[in-house]
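The values are calculated or read from the model by the stated rules, or taken from the named source; none is laboratory data. Quick caveat: nothing in here was measured; it's all calculated off a predicted structure. No Cβ is skipped: glycine too gets one built from the backbone with ideal geometry, and neighbour counts run over all protein chains shown.
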Amino acid sequence: MASYENVTVPEGGERIERTDSGLKVPDHPIIPVIEGDGIGPDIMRATRKVLDAAAEKSSDGGRKIAWMDIYCGDSAMGRYGDVLPDESIEAIREFIVALKGPLTTPVGGGFRSLNVSLRQILNLYACVRPVKYFPGVPAPVREPQKMNMIIFRENTEDVYAGIEWESGSEEVKRLLSFLQETMGKEIRPDSGIGIKPISPTGTKQLVRMAIRYGLEHKKRSVTLVHKGNIMKFTEGAFRDWGYELAAEEFGDSTISENEIWEKHDGRAPKGRLVMKDRIADSMFQQILTRTEDYDILATPNLNGDYLSDACAAQVGGLGMAPGANIGDESALFEATHGTAPKYANQDKVNPGSLILSGVMMLRHLGWEQAADLVEKGIGQAILDKQVTYDLARQMENVTPIKTSEFGQAIIDRM
Ligand code: NAP
């Protein structure tokens with residue numbers, strides 16, 4: 001076990017282990033937790049209580065998470081003089097599964113987003129965002145209950161790789177002359193330039209995860225979302241590599257939409273996961289017009305960023321949207337919204353996003369019953385109109401409750 005400067009490994013806690021057949025999770029797993037900045041402490045307090053209650057209730061007291069505080073962002077600055085200390089990263093590596101509140105990204109000044117850094121350093125290559133509707137949540141569409149999708153967004157490549165140069169800079173001038181002289185390509189001289197790398201390595205590891213999830217959870221289809229009609233060698237290649245991976249590694253358990261039409265009269269053979277692809281702009285229409293036709297989407301980074309927020313908006317917004325960053329080595333579960341600093345320490349905001357990220361974490365641990373209990377509690381609390389200000393203001397005659405009270409309302413309804 002690594003030794004830590006500012007982190008106390010909880011006594012009595014046990015380590016989660018990786019095995020060939022998946023995670024081996026003890027009854028008292030040590031889980032590193034980054035409380036987060038701004039509203040982080042408020043929502044994390046409520047979340048830990050809810051997850052603790054669910055673990056206890058679902059196991060007659062046999063299971064308990066051994067939370068281990070680690071530090072990033074503001075809370076790390078005072079202790080380490082650094083917002084992203086090495087030992088926090090080491091702790092996530094060592095203990096495999098972690099939970100995280102939102103972190104401040106200072107604007108300008110050469111800071112990279114802490115969230116992006118964590119994903120890249122730990123190779124958390126998939127951003128996984130399940131989106132489904134909880135009855136009673138105010139939503140902008142007529143039939144929000146039709147949405148039940150999970151988005152696997154590539155997390156390390158694409159225009160988000162962070163390789164770009166400013167208009168007029170020396171680097172851009174050199175790049176422009178290289179492109180002109182060596183490649184014969186003209187670009188407007190006052191352009192800024194960003195690079196969009198998409199590789200078969202990045203694509204295939206993402207699509208593999210999406211297909212495995214689809215097979216394990218008996219889903220109907222995986223849809224590759226891309227803009228390959230315009231960007232053939234990046235987005236179009238994402239589609240081609242996705243189909244290629246499905247055929248190479250899951251040939252017996254998947255089938256492409258084309259094959260269904262060519263060989264099976266348009267009807268998918270039972271038990272096969274259907275591989276489809278859609279152009280990104282059409283996909284934005286389809287989530288509204290044919291919502292129930294889709295269950296898993298696999299996307300490059302930028303498409304996935306937009307699409308997952310659009311899907312979340314359709315069922316009532318980001319306040320209830322969970323997320324996780326997952327790689328082969330570790331997984332980091334996190335709220336999808338930011339630190340909302342104006343509400344810090346007011347016990348006011350909705351902890352739903354972080355609690356539902358905790359539900360994903362429980363399922364990742366294989367603690368399905370505990371996860372079901374939390375979902376049940378949230379669902380019933382909302383139906384009983386026990387909600388925080390953000391939901392209350394969109395409902396009629398509902399008095400908002402506090403963050404901590406919402407947590408307790410969930411526990412009372414498990
Ligand atoms: P934000 O923190 O998500 O807040 C924007 C607005 O969303 C809030 O003013 C509030 O709206 C609503 N909101 C957010 N979380 C809520 C919750 N739990 N319950 C109810 N309402 C909630 O976005 P931001 O103001 O653009 O960003 C603030 C900081 O967070 C920045 O430093 C940014 O870099 C960081 N950030 C971090 C992450 C992350 O760690 N993953 C993600 C995004 C942003 P109303 O005012 O309308 O009530």
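The table that follows gives values for the structure above.
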read-out: Check on residue 161, over 30 Å from residue 267 (Cα atoms) and either out of contact with any Leu (no Cβ under 8 Å at 6 or more places or on another chain) or of a type in the set (S, T, N, Q) (or both); value: yes
read-out: Condition broken by residue 41, with the remaining ones in (1) assigned to a loop (DSSP other than H, G, I, E, B); (2) touching a residue at least 12 places away in the same chain (Cβ under 8 Å) satisfied; value: (1)
read-out: Candidates 244, 235, filtered to the one that is more than 16 Å from the ligand (Cβ to nearest atom), surrounded by fewer than 20 Cβ atoms within 10 Å (Cβ to Cβ) and not small (Gly, Ala, Ser); value: 244
read-out: Subset of region 72-91 that is away from the ligand (no atom under 15 Å from the Cβ) and not charged (D, E, K, R) - its residue that is modelled with the lowest pLDDT; value: 78
read-out: Entirely in region 257-357, the helices (runs of 4 or more DSSP H) that have 1 or more residues that are at pLDDT below 95 and among the acidic types (Asp, Glu); value: 257-264, 301-314
read-out: Among the candidates 325, 301, 345, residue that is within 16 Å of the ligand (Cβ to nearest atom) and closer than 26 Å to residue 232 by Cβ; value: 301
read-out: When residues of region 373-398 are limited to those that are away from the ligand (no atom under 16 Å from the Cβ) and either surrounded by 22 or more Cβ atoms within 10 Å (Cβ to Cβ) or touching a residue at least 60 places away in the same chain (Cβ under 8 Å) (or both), the one nearest to the chain's Cα centre (by Cα); value: 374
read-out: Qualifying residue in region 324-341 (condition: surrounded by fewer than 17 Cβ atoms within 10 Å (Cβ to Cβ) and in contact with a Gly (Cβ under 6 Å, 6 or more places away or on another chain)); value: yes
read-out: Residue 295 vs. criteria touching a residue at least 40 places away in the same chain (Cβ under 8 Å) and exposed (fewer than 14 other Cβ atoms within 10 Å of the Cβ); value: no
read-out: Where residue 351 falls short, out of the listed (1) crowded, with 21+ Cβ neighbours inside 10 Å; (2) more than 10 Å from the ligand (Cβ to nearest atom); (3) not aliphatic (A, V, I, L, M); value: (2)
